[in-house]
Amino acid sequence: MNYYTEITDSWFTGILYGSIFHHSIGNIIKRGTFVMAHQVIVSLLCGLLLHNTAGSSQRWREGQAFTDVAILLSHPVTIEGQTETITVYKNANQSVQFYKALYVTSGGNQRLEFYHPVPEASVVLTSNYSTSLTLPGSEGIRAVSGIYTVRVSDTSHDTIITQEMRVIIQRRGAQYRPASTHFTVENAGNLSKSLLGVEPDDNNLRWRLDGHFYSATFADAQQAMALKTSGVFEGFEAGGYYQFNHAVVNVIVRNCSFTSWGDECSEECPKCFNGGMCSDRTGLCQCPPGVSGQHCEQVHGRNIFGQRGEYQCNENEHIPTCRGSQICYPDPFGCVCPAGYTGLDCTQGLFSSFNKVNPGQSTTITCITDVLDFSGWDMILSRSPNEADATGASGMYEIGGPSDGPGTSRPITVDDAQPTDVYFCLLRQTETNLLAWLDTSFSTYALPVSSAAPKVMSRNQTSVTISWKAWEHGIDFGDPPVIAYIPHIREAAYGDWIRGPYLPTTAQPHYSFGNLTTDTYYIFSVSAVRNGTGGVGPRGPAVILKTLCNAPSPPSDIQVEVTHTNLVNITWKPPAVTYCSTGITSYTIYYYVEGAPGDIESLAAAGGTTTWILVGGPTPGIGYVFSVSSTTDLESNTSLSAHVNISATPFVITQDYFVLVGASVIGGCLIVIAILTSAAVVILGYLKGRRNNNEDKNVDDASYDAVQDELYEQTEAVEMHYTVTPKTRARDSVSSEEYDYVS
């Protein structure tokens, strides 16, 4: 894998961040104190501090950009005349280019060049989310097989980020067949000759690393590999290189161990389950095909791949199933077989069968493999595809060696099988710890559950009879066949469920519970039972109801009176004790004509708090017998009887009575009118007297004014006669004393 982004970019970014940081703190430190050298030193120091962070962030972003990238290779091993397809899944911001590696001779030396155009007959089809390269088989096996480079360019960031991935198409029938076309190791020392498909003591071998020839030992090639990050490793027989009859392996050497990541490998990797691998660039889990999730915890099974489980083999027109294909993810993961398959051509796989049982029962899961050579392999049934977890299983050890041959199977017992259990068949090669695993799709039957609550057919003080609807497949939950039902009862306030008898479906769907407590609430439910041990399903919906109370005592002290209009007024006293949680809910009045007790009639029940009632409509001149009963859940006996005779001549309103009453009303009205008339006369007389008094007062006032004027004139005349000094007075200012004197 190559990333076309230089490491110096992150160093420059660190210097830039350092300058910005220096500018920020420059205003805090006293201005003018430091010279230019100070500025340079601070910038360099800040750059050193931020260099690792900027570089790690950039590489993390680059790794994140290719999370959606996945390659689906139709066949990692091809045959003459077979067309192969390389399909790259990507996002809309990414483009893809294909190259083929060729050997070029220059100056008498050969070198491997990875970036030659693909064969002219190849067809490239692209869309927003995938690009495919088709290699026609008609061009011959030499044109189809080989080493291909897939370059994916991402334009979603400020700069174009490019990643390369190697895809190898091996020839079938090659003399040397590696265990896989891709290996990810911590260092080249983890490689062995057996991985390359050769015998450890075979010294007639030659080695190439990225096309460079090594005629010495395998150890020399390993040493050269240790100096590289990744490369294509080839092992071939002397003189047979150009027949492409050798092992070709893409070796990916991690920058860090499998448990660390980052520039300095100082970051701890998260736990990646189910065969997941921590990326040494991003610290994120890369999940194998058939698995997804942040920690590769979600298992999807065969024909599913992609880091989010978003791709399927059967959606590709060239590859209807994942069997025989190969799936590649960005380094350090590389290319692997789909879930459930192993081998160089990814056609040898795992299969399983199991006996489906009811939950909680023992069953047998059989793991089957078609791997041809079992040397160093063992068969495991586990609760995890990532490691052996034999909890609840037994008989799950070595197959026994290659003598078992293809189609070898191992039955493995699982105790207490539950619907939530997940089991995997693992085919493990102990020397290299390679895993091929298969989700067994293990399941149990779903126990039946009725969807409707039972109904009450009848009840009394000590028993209840319920009925239920028959379980129906497709409407009610669970798996058929249902062979029986079991009714259940529990006291509502407290107590445990009590299981009733086993009732086959051939019996009537009802049952009576007896010996119950009076006036007590109970809960009733029914379980459906399917065939097989442990087939009793959960209790279905329930119904709650109360057993009946004993009948109460009748009312006492019944009294019957006849009104003047021949209505019958009946009164009574409630029972002293009711012995029922409901209390008295109603009363019922019974009556019959005296002498004819067989013809009893009843009135509508009165409310439980009522102690009297008016009864109308009895026949005049006939005697009646009345009695009253009280009701809780049950009705009491009737009270002691009360007798009453209805008057033969009841008071009736006749026409004469109506005339008399009308005349009385009219007379009364006339009297009221006379009284009102007399009062009006008196009031009018009083008002008239008041008016006359007012008129007299007005006359006196006018006379007084005239007399005053006359006296004034006389006074002036006397004064003139006696030649008295004149006095000027206002007419209205003459006092009474002056008036008397003048007079």
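The values are calculated or read from the model by the stated rules, or taken from the named source; none is laboratory data. These numbers come from a predicted model, not from an experiment. All Cβ positions, even for glycine, are placed from backbone atoms using ideal geometry, and neighbour counts span all protein chains on display. For the accessible areas, the whole protein counts, side chains as well, though only heavy atoms, and no ligand, DNA or RNA atoms are used. Shrake-Rupley method; radii C 1.70, N 1.55, O 1.52, S 1.80 Å.
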In sequence order, calculated HN-Hα J values of region 89-99 (Karplus, 6.51, -1.76, 1.60; Hz; x Gly/Pro) | 8, 8, 10, 5, 8, 10, 10, 10, 10, 10, 9
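Once neighbouring chains are kept in place and the probe is 1.4 Å, which whole percent of the accessible area of region 489-606 is contributed by carbon and sulfur?
Of all accessible area on region 489-606, carbon and sulfur atoms account for 52 percent.
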In the neighbourhood of Thr533 defined by beta carbon distances under 14 Å, the net charge of the other residues (Lys, Arg +1; Asp, Glu -1) is 0
Sort 543-556, 142-155 for me by packing, meaning the mean count of neighbouring Cβ atoms within 10 Å per residue, highest on top.
-> 142-155, 543-556
Sequence-distant or interchain residues sharing an amide H contact under 5 Å with Phe354, placed H: which?
-> Thr366
Ignoring ligands, DNA and RNA, what accessible area per residue does region 533-657 give at 1.4 Å, in Å²?
-> 55 Å²
Taking placed amide H atoms and a strict 5 Å upper bound, the residues 5 or more places from Ser230 or on another chain that come that close are Val253
For region 472-488, in order, what is each residue's ³J(HN,Hα) by Karplus, 6.51 cos²θ - 1.76 cosθ + 1.60 with θ = phi - 60°, in whole Hz (x at glycine and Pro)?
-> 10, 5, x, 10, 8, 7, x, 9, x, x, 8, 10, 6, 9, 10, x, 10
Tell me, what is the per residue accessible area of region 321-364 in Å², probe radius 1.4 Å?
-> 26 Å²
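So if I place +1 on the C-beta of Lys and Arg and -1 on the C-beta of Asp and Glu, and nothing else carries charge, what would the dipole magnitude of region 487-608 be about its Cα centre? I want it in debye, nearest 20.
The dipole magnitude comes to about 900 debye.
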Considering amide H positions built from the backbone, and no H for Pro or chain starts, which residues 5 or more places from Asn550, or on another chain, come under 5 Å of its amide H?
-> none
